[in-house]
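Some notes on the structure that comes next.
The values are calculated or read from the model by the stated rules, or taken from the named source; none is laboratory data. What you see is a predicted model, and the numbers here were worked out from it, not measured in a lab. FYI the Cβ positions are ideal-geometry reconstructions off the backbone, even for glycines, and counts take in every protein chain you see. SASA here: full protein model, heavy atoms, side chains in, ligands and nucleic acids out. Shrake-Rupley method; radii C 1.70, N 1.55, O 1.52, S 1.80 Å.
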Amino acid sequence: MNKKFPKDPAFAVAPSKFNLWLFMLASSMLFAAVVSAFIVHHPDAEKKDAWTAFDLPIYFLYSMFVVVASSVTIYYAFKMAKKDEISANKWLNGITLLLGIVFCYSQYMGWNQLVSLGLTFVNSRPEDISASYVYVITALHVAHVLGGIVLLTICWIQSLRLNVHKKNLTLMSITHTYWHFVGLLWILLYLFLYFAK
Amino acid sequence: MSTAALHAEHDSHHHDHKESFISKYVFSMDHKMISRQFLITGIIMGLVGMGMSLLFRLQLAWPDEQFGILETLLGKWGKDGKIDPNFYMGLVTIHGTIMVFYVLTAGLSGTFSNLLIPLQLGARDMASPFMNMLSYWFFFLSSAVLLTSIFVETGPASAGWTVYPPLSALEKAVPGSGLGMTLWLVAIALFIVSSLLGGINYISTVLNMRTKGMSMNRMPLTIWAFFFTAILGVLSFPVLLGAALFLIFDRSFGTSFYLSDIYLEGVGALENIGGSPVLYQHLFWFLGHPEVYIILMPALGITSEVISTNARKPIFGYTAMIISLMGISILSFIVWGHHMFITGMNPFLGSVFMILTLIIAVPSAVKAFNYLATLWRGNLRFTPAMLFSIGLVSFFISGGLTGIYLGNAAMDIQLHDSYFVVAHFHLVMGSAAIFGMFAGIYHWFPKMFGKMMNNTLGYFHFWFTFISAYLVFFPMHFMGLAGVPRRYYQFTLVKEFDVWMDVNKLITIAAIMGGMAQVFFLWNFFYSIFKGKKATQNPWESNTLEWTTPVEGIHGNWPGEIPTVYRGPHEYSRPDRESDFFPQHLPDETAPVTAPQEGEQTAPTEVVPQETVESSVFFAAIKRVLGLS
Amino acid sequence: MADISKFALLKTLFWFRKMKLNLFGVKSNSLFKKTLAIFGLMLTPIFLLAADDVVAPPTEFNPMAWDWSSILILVLAILIILVIARSFDIGSLTEKITGKTIVSWNNVNAWAGIIFLVVGLIGVWYEMKIHGKYLKLGDSASAHGETLDSMFYWTFGFTFFVFVVTEILLFYFMFKYKYDKNRKAAYFFHNNKLEIIWTIVPAIVLTFLVLRGFSTWTKITTDIDKNSEEIEVFAYQFGWKARYSGDDKQLGTANFNFISGTNPLGVAEDSAVSSLVNELNGEIKKLEIIKASIEDSSKLWKAQYDRYVSTGMSNSYPEEFKQMKSKYNDLISGAYERQLEKDIKRKNTAIKRIAAYQKDHETFNGTAKDDKITTEIVLVKNKPYIFKYRARDVIHSAYMPEFRAQMNCVPGMPTSFAFTPIKTTEEARASKNDPEFDFYLYCNKICGAAHYNMKIKITVVGSEAEYKTWLATQTPFVAPPAAPAAPTSPKADSTAVKQGTVVKN
């Protein structure tokens, strides 16, 4: 009887996980749109140098290190959860959450640095519009990170309640995937902004 | 809760499932209830949109007449019984927005994706019922905000449904760009959230929750269409969100993403500098073009299903239909530039967009011919759904052909933003999609409400709507070819355009007739919901799975096990069977020697009639059509 | 405006009550009732959202002034439709009771399809005959327009053929294969040969059309005569202005910062721009005075406001009171002050930008002095032109249907369109048999309330001499100096290449 039917793919993936992938796809499209707007934005074809006429704040680079570190911690947190090492998972979740908050703070410091350069969200010189784009791109990313922080918090609380273990991995794995997504996103965005000069 | 657990629960509990009013009718997570909510909200929005079109048609046909009732209805916007020019712009804008997003995206795709994806695939519900519920309520909130925007003191958004900045960004340029525009943007942002929640759910359900035996190549074409539609939505709506975000920043924070070099009367030179209004158009149309197919494809899918069922004949070229849907979907992402030929874009880029655009005509032609071939030698039952589907094919052909003019960059110089464009998209995307929606409503009404609609009223509804739609939109081609621009408040001030006054009157009268014809539908629809004849199990003798569920529509869809699928959805009039349909869930009585493999045409070769393998089948077909053989 | 919310609420409540009465006793209505109830709930927030200052107050409730005849006609029409609907309902009931088929709807629909097809095709033919004469096809007033028209005819031939054939097939099939219970539909899924044919044939035809379109489009957009005369066409809400280069054959540079009452196009001309700077400085001073006295004026407004409230005038003059209240609120909340600051900042920025340009001799090269700003366009037949488009405020579109020309005018992004008129106005009048005919340039991109009346007349004359005479009647931007213009430096020559383009910072 089994031979008669093609392989039934039903319930291959947990719906929430699959939906997350699709959400990440949609998010990527949003960033693609904003970034391509940034790429094509020069107001005057004659002035090629009107793109980014300033150095990116160093804090954005620090953020990248933070993101890499948090990716490592959440990777091990997931691994520990899979191995039922509940207390290690608990700690690693907490550290990741902390790193997430540090990331947001670092981005905030980056914005402060931009402001101190005289580059605010609203500018009255045509070449400074790239600063507005940098604000939009980073703020959208921070919004995504905040979503990740909410997930991490839930995950951490659940792990404190000993609810994250081998048999209850859905939340952990969603958080893990999503956190890698926002981390990767920031690395790509930073590299893009860095080389866009 | 894992899906398996969900199923187990449904299997045991569905009979004595007692729900509160709120959880059953308001914040329902049942896909059938959500689809009803989408449909009825869609119909209400559609009535508002249609009413608006009648108002501005009135203005175009009798620009010098005074209608006292308008002042009563519209207050200061209808001073002296004449519509205010600013409000006229608002009407045009909100009509477009409502029809494109609220009726034909949410009302059509939202309704039928929700209803049919689980039912036709054999799933208990959507992948995430909660997201599905959120999707509806975001849509509802969005509708409420948009409707509110009509009542604001400075008028609704009035920069056209495409809301091009700087017009939409500058409050001083047009009053509608004040609070009305803000509300418009809020409504659209909510709509995007709704549509993403829905779309993600549809894709996830189609890919993961099909019943046993329901391989991808056994899915009904409706599902294929909804699937591609959802993919288009998930990929393109975020881009619109980006575009709207920039516009919101420009409007509320004073950034210059879209603004540069602007001097406003009474204000002076603005500070904004460095932006580009054309950037908005690029971002907008990157959504906007797929959006056209988001509207049309579900209607095409519904038509495929309805035509096949009522022609009692397998749909012609099932694979070709899927491939052309796929082709249209992919191409729709790389042709957005054809809306912008005359924005001063690089001429070479224009040529590229032109070539890509005209390529779309090929898959579209294939679809139209396939519909014709499905009708050929069928045994046509003219249910109202069938009539509307045939009407769709007619509109799809006549509206699609004019796309060849507009996709041609050179001819677009003359035709851009003229009435020719209005005629084109109202036929191919407006009327065709609405007809698809009507076909869907008439066809699946028994499934949605457990009642039958009255056929006779349906016939009247169809013929009046069909005739009036052609009367409204066909003459517009001629106006467009004569260079009459769209979105003009009145034509009396230009002698060249004033000669079309009689045509304008004809169009308005036809539009009023079309509006009246909807009374047939509304009466039929709402009356049948509670007083209609009780539906039978399978009223159209259809093959697909949704007709195996109980008529009253229970939570979890099937009382027992979900039926297994044994073949494709279009096996009508099989020569080896007594009846002219063969539901998907019935096992073959005589087991075929070799089981059909995935990726293979499911029709057993031995039952293909002689004609189809005949070498000169094309000429045979022509002969037969002409009655020569 | 609380009354409209109250009204809506009462109405909704009334509706609910009525609904109960109407539907009472109907057995199968629970779903319906509840669906309605949901919509009642859905509509209520809309009315509630329509809060105080958002909703336009309804004009006074005066049913006597209503257009009762229209309302009656509408109601009657709906009633008639409902009666028809009902009678068919009864018809089907009779059918059910007697068991006889009164009408075979399948046949009726099949015949209706045929009738629709025939009448529709006659209608198409009639439409072409009657309205074809208004079409501008084949009567192009520009050189490239003739190619476009011929392309139109090719496309028309192809699409019309497909249109007629497919529509005939559709309705013929509908008639021929209507349901017959003794017949079984053909059972086939696909036919490769047929499918290949109807993929390849459209593909070939489209390739032909694409190639033609490609060559025409490329020719129109890139094949531009080097000797074309440049005319600047300037779009604003709601009108057009044209700028002809004067005797020096060079359009002076222009910038949106230079626009003022006396310099509507913002051309770079020293005296006009300096007077604009003075004007701006004056305005700034005025605003600063207002800002300084803001405390006093808010006291004044407060006194006024209190007087209105205490004397009860707030009730007898609600409109004035409302205006005053909003002004007073603006003053109190500081919104007014912020607005003033914003205005001052904007004007200062403008002055700064202008000052930067004034140092730049490329911008102020003196070529703008003799430019002529006109309110109509005069062209010479068979002479190539480039229209340079600029927009002042929002996007407009310069549409000249007679010349088969259209191009968007985008603020901050200069565009252009090149064409050659081949018909004079007189010739066009003769061929159209309309002595009052004129060419116009219309706006074809939604741009605000008076979009429908935004046009400029174009006159095409037969000879250069006529054009010269007309041009001589137009005044240059600055009255010509006694001495001829100073010889241009090599630097100015290099800018001449970019003449007419808009200067950017």
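Structural remarks
- Which numbered condition A:T175 misses (of (1) touching a Cys at 6+ places or on another chain (Cβ under 6 Å); (2) surrounded by 20 or more Cβ atoms within 10 Å (Cβ to Cβ); (3) within 13 Å of chain B (Cβ to nearest Cβ)): (3)
- All positions within segment C:169-196 that are touching a residue at least 60 places away in the same chain (Cβ under 8 Å) and at the interface with chain B (Cβ under 7 Å from one of its Cβ atoms): C:M174, C:K178, C:Y179
- Take the conditions (1) open to solvent by 50 Å² or more (accessible area, probe 1.4 Å); (2) touching a residue at least 24 places away in the same chain (Cβ under 8 Å); (3) touching a helix residue (DSSP H, G or I) at 6+ places or on another chain (Cβ under 8 Å); C:D225 misses just one of them, which is (3).
- Some residue of segment C:303-314 being part of a helix (DSSP H, G or I), more than 26 Å from C:D393 (Cα to Cα) and aromatic (F, W, Y): yes
- Some residue of segment C:230-253 being closer than 30 Å to C:V394 by Cβ, without any contact (Cβ under 8 Å) to a residue 24 or more places away in the chain and out of contact with any Cys (no Cβ under 9 Å at 6 or more places or on another chain): no
- Cβ-Cβ under 8 Å pairs, at least 6 apart or on other chains, segment B:22-46 side within 19 Å of B:L147 (Cβ to Cβ), far side of a type outside the set (A, V, I, L, M) and modelled with pLDDT under 90: B:Q37/B:S28; B:I40/C:T35; B:I40/C:F39; B:I44/C:F39
- For B:T357, the stated conditions do not hold, so it cannot be described as part of a helix (DSSP H, G or I) and either charged (D, E, K, R) or within 30 Å of B:R567 (Cβ to Cβ) (or both).
- Enumeration of residues in segment B:209-236 that are facing chain A (nearest Cβ under 8 Å), over 21 Å from B:P129 (Cβ atoms) and in contact with a helix residue (DSSP H, G or I) (Cβ under 9 Å, 6 or more places away or on another chain): B:G213, B:L235, B:S236
- Checked against (1) away from chain A (no Cβ under 11 Å); (2) surrounded by fewer than 24 Cβ atoms within 10 Å (Cβ to Cβ); (3) of a type in the set (A, V, I, L, M), B:M131 passes all but a single condition, namely (1).
- Filtered residue count, segment C:130-139, keeping only those that are more than 7 Å from every other protein chain (Cβ to nearest Cβ) and free of Cβ contacts under 8 Å to residues at least 60 places away in the same chain: 4
- Any hit, segment B:332-347, residues being modelled with pLDDT of 90 or more, more than 20 Å from B:Y405 (Cβ to Cβ) and out of contact with any strand residue (DSSP E or B) (no Cβ under 8 Å at 6 or more places or on another chain): yes
- Scope segment A:14-51; condition at pLDDT below 65 and either within 7 Å of another protein chain (Cβ to nearest Cβ) or open to solvent by 20 Å² or more (accessible area, probe 1.4 Å) (or both); matching residues: A:H42, A:P43, A:D44, A:A45, A:E46, A:K47, A:K48, A:D49, A:W51
Residue-wise test of (1) assigned to a helix (DSSP H, G or I); (2) open to solvent by less than 10 Å² (accessible area, probe 1.4 Å).
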{"site": "B:T255", "(1), (2)": "no, yes"}
{"site": "B:V278", "(1), (2)": "yes, no"}
{"site": "B:Y293", "(1), (2)": "yes, no"}
{"site": "B:T303", "(1), (2)": "yes, yes"}
{"site": "B:V306", "(1), (2)": "yes, yes"}
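- Within segment B:529-584, the set of residues being in a helix (DSSP H, G or I) and aromatic (F, W, Y) comprises B:F530, B:W547.
- Of all residues in segment A:74-114, those being open to solvent by less than 20 Å² (accessible area, probe 1.4 Å) and hydroxyl-bearing (S, T, Y) number 2.
Residues checked against (1) in a helix (DSSP H, G or I); (2) of a type in the set (G, A, S); (3) at pLDDT 95 or above; (4) surrounded by fewer than 23 Cβ atoms within 10 Å (Cβ to Cβ):
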| position | (1), (2), (3), (4) |
| --- | --- |
| B:A106 | yes, yes, no, no |
| B:R124 | no, no, no, yes |
| B:T154 | no, no, no, yes |
| B:K172 | no, no, no, yes |
| B:T182 | yes, no, no, yes |
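- C:G448 at pLDDT below 95 and out of contact with any Gly (no Cβ under 8 Å at 6 or more places or on another chain): yes
- The residue pairs whose first member lies in segment C:140-168 and is more than 8 Å from chain B (Cβ to nearest Cβ), whose second member is basic (K, R) and open to solvent by 20 Å² or more (accessible area, probe 1.4 Å), and whose beta carbons are closer than 6 Å, counting only pairs six or more residues apart or on different chains, are C:A141/C:K423.
- Looking across segment C:446-468, the residues that are farther than 26 Å from C:K133 by Cα and either open to solvent by less than 30 Å² (accessible area, probe 1.4 Å) or within 12 Å of another protein chain (Cβ to nearest Cβ) (or both) come down to C:I446, C:C447, C:G448, C:A449, C:A450, C:H451, C:Y467.
- Exactly one residue out of C:F238, C:F214 is open to solvent by 50 Å² or more (accessible area, probe 1.4 Å) and closer than 30 Å to C:M151 by Cβ: that is C:F214.
- Scanning segment C:247-275 for residues that are among the β-branched types (V, I, T), at pLDDT below 90 and buried (at least 21 other Cβ atoms within 10 Å of the Cβ) gives C:T253, C:V267, C:V273.
- Residues (within 28 Å of the chain's Cα centre (by Cα), touching a residue at least 60 places away in the same chain (Cβ under 8 Å) and within 11 Å of chain C (Cβ to nearest Cβ)) located in segment B:489-510: B:Y489
- Residues in segment B:379-401 that are more than 7 Å from every other protein chain (Cβ to nearest Cβ) and open to solvent by 10 Å² or more (accessible area, probe 1.4 Å): B:T383, B:F396, B:G400.
- Any hit, segment C:354-364, residues being part of a helix (DSSP H, G or I), out of contact with any Lys or Arg (no Cβ under 6 Å at 6 or more places or on another chain) and of a type outside the set (A, V, I, L, M): yes
- None of C:I115, C:I81 is modelled with pLDDT of 70 or more, in a helix (DSSP H, G or I) and open to solvent by 60 Å² or more (accessible area, probe 1.4 Å) except C:I115.
- Number of the condition not met by B:Y459 [criteria: (1) over 29 Å from B:M219 (Cα atoms); (2) surrounded by fewer than 22 Cβ atoms within 10 Å (Cβ to Cβ); (3) more than 25 Å from the chain's Cα centre (by Cα)]: (3)
- Selected residue (criterion: farthest from the other protein chains (Cβ to nearest Cβ)) from residues of segment A:115-129 that are in a helix (DSSP H, G or I) and open to solvent by 60 Å² or more (accessible area, probe 1.4 Å): A:S116
- Within segment B:191-246, the set of residues being among the aromatic types (F, W, Y), in contact (Cβ under 8 Å) with a residue 40 or more places away in the chain and open to solvent by less than 10 Å² (accessible area, probe 1.4 Å) comprises B:F191, B:F226, B:F237.
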